[in-house]
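Everything on this sheet refers to the single structure shown next.
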Amino acid sequence: MTARVVLPLSGAVAIATATGTVQSAWAAPLQDALRPAGVQASTILDLLNLTVIVCTAVFAAVLIAFFWALWRAPRGTRETPADMSTEADSAVGPKAVAEPGLRRAVIVATIVSTVLLFGLIFADVLTDRALARLSMRDAVQIEVTAHQWWWEIRYNDPQASNVFITANEMHIPVGQPVLVTLKSSDVIHSFWVPNLHGKKDLIPGRTATIRFRADHAGEYRGQCAEFCGYEHALMSFLVIAETPDKYAAWLAHQRQDAPPPSNELQTRGEQIFLTHSCAMCHTVQGIGANAVLGPDLTHVASRQTLAAGTLPNTPGHLAGWIVDAQRIKPGTVMPPNPLAPDELHALLAYMATLR
């Protein structure tokens with residue numbers, strides 16, 4: 001039996017409007033490029049390590065030369081200035097003459113610096129080619145469209161009935177390559193999952209691709225890495241790498257229609273969804289709601305977060321988001337929905353079944 005949750009409108013909004021509380025309520029996985037979970041990220045980390053080692057060595061050499069020059073510099077007192085020249089030209093005044101050893105050192109340092117610079121360029125080119133060599137045999141085909149400020153994730157399949165759309169969470173099988181096609185519906189965004197790959201820009205009117213493979217199961221946080229408007233910071237997503245068996249089970253479940261309501265309260269919630277503004281923007285497969293302005297909600301209850309990582313997916317936060325999303329994420333296209341408490345309660349009961 002579903003426990004009754006009484007949420008007056010003001011209380012529902014208050015649950016989700018305190019930003020600090022919202023952000024601390026969901027322990028998001030860390031974005032960590034130093035802990036690669038796939039071959040692409042490991043290749044990028046190798047280049048980073050090489051660059052850091054070379055730059056550290058050059059920096060140390062410059063410091064040593066600097067302090068050596070200070071130690072070798074002529075010293076004087078207030079009464080006797082330091083003599084900085086070894087020859088004098090009666091026409092133009094004192095002229096400094098470099099020591100032969102110092103001149104050779106400068107030439108050698110210049111040559112070494114040039115060689116190191118071109119070496120790093122060569123390593124960068126090799127890394128770029130290595131990233132493009134990942135085999136796409138049996139690759140999972142995913143299409144990601146960035147919106148202000150959420151991610152539409154479409155799983156393509158040669159059989160049209162197997163195609164489905166989700167939002168803000170990407171499931172992938174461990175050990176299998178993934179080919180992601182990237183698009184933007186509005187402004188420039190950037191797709192970045194540092195544990196798996198580098199950044200890739202999404203430019204309106206253009207299609208880009210990124211390929212990667214997760215070699216370790218886990219949850220990896222992604223983020224829009226290009227400023228895209230007021231709520232840019234609240235546009236994250238999850239990549240969930242799981243065993244092939246778990247991935248296949250998730251895939252089969254996502255292809256199913258929404259389950260029918262099992263009691264009177266849930267049935268009323270379904271009717272509220274269809275007769276209010278919910279069905280004007282969202283899709284729920286199997287009930288006749290097929291709008292595409294907002295995220296597909298067919299299995300929204302199975303997701304970990306709401307509003308692209310802004311809120312944990314709990315009944316209280318969902319209530320606050322439904323009633324007044326603008327107070328939580330100003331600028332989002334979702335309008336306020338001033339439902340009566342009993343209507344909100346029924347709608348929440350129904351949406352809890354969308355797993």
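The set of residues from region 140-165 being surrounded by 13 or more Cβ atoms within 10 Å (Cβ to Cβ), of a type in the set (A, V, I, L, M, F, W, C) and over 21 Å from the mean Cα position of the chain (by Cα) comprises 163, 164. Cβ-Cβ contacts under 6 Å between residues 6 or more apart (or on different chains), taken from a first residue in region 258-277 that is in contact (Cβ under 8 Å) with a residue 60 or more places away in the chain to a second residue that is among the acidic types (Asp, Glu), are listed as 261/270; 272/343. Residue 287 meets the conditions (1) assigned to a loop (DSSP other than H, G, I, E, B); (2) among the β-branched types (Val, Ile, Thr); (3) under 29 Å from the mean Cα position of the chain (by Cα) in every case but one. The failed one is (3).
Cβ-Cβ distances below 9 Å connect the following pairs, each with a first residue in region 147-160 that is touching a residue at least 12 places away in the same chain (Cβ under 8 Å) and farther than 30 Å from residue 230 by Cα, a second residue that is surrounded by 14 or more Cβ atoms within 10 Å (Cβ to Cβ) and not aliphatic (A, V, I, L, M), and a separation of six or more residues or different chains: 156/141; 156/143; 156/181; 157/141; 157/164; 157/255.
Only residues that are out of contact with any strand residue (DSSP E or B) (no Cβ under 7 Å at 6 or more places or on another chain) and within 12 Å of residue 334 (Cβ to Cβ) were counted across region 270-302, and they come to 6.
Residue count for region 196-237 under the criterion of being in contact with a Gly (Cβ under 7 Å, 6 or more places away or on another chain) and assigned to a strand (DSSP E or B): the result is 3. Taking the criterion of being in contact (Cβ under 8 Å) with a residue 60 or more places away in the chain and surrounded by fewer than 13 Cβ atoms within 10 Å (Cβ to Cβ), the only residue of region 108-123 that qualifies is 119. Filtering region 191-207 to residues that are surrounded by fewer than 21 Cβ atoms within 10 Å (Cβ to Cβ) and polar (S, T, N, Q) leaves only 207. Evaluation of residue 85 against the conditions (1) among the polar types (S, T, N, Q); (2) modelled with pLDDT under 85; (3) surrounded by 12 or more Cβ atoms within 10 Å (Cβ to Cβ); (4) out of contact with any Pro (no Cβ under 6 Å at 6 or more places or on another chain) shows that the sole unmet condition is (4). Only one entry of 245, 296, 257 meets the criterion of being over 18 Å from residue 355 (Cβ atoms) and of a type in the set (Asp, Glu), and that entry is 245.
Annotation note: of 243, 181, the sole residue that is over 16 Å from the mean Cα position of the chain (by Cα) and over 22 Å from residue 46 (Cβ atoms) is 243.
Across region 172-190, the qualifying residues are those that are in contact with a helix residue (DSSP H, G or I) (Cβ under 8 Å, 6 or more places away or on another chain) and buried (at least 16 other Cβ atoms within 10 Å of the Cβ), and the one among them that is nearest to residue 34 (Cα to Cα) is 174.
The values are calculated or read from the model by the stated rules, or taken from the named source; none is laboratory data. The structure displayed is predicted, hence computed values, not measured ones. So basically every Cβ, Gly included, is an ideal-geometry build from the backbone, and we count neighbours across all protein chains shown.
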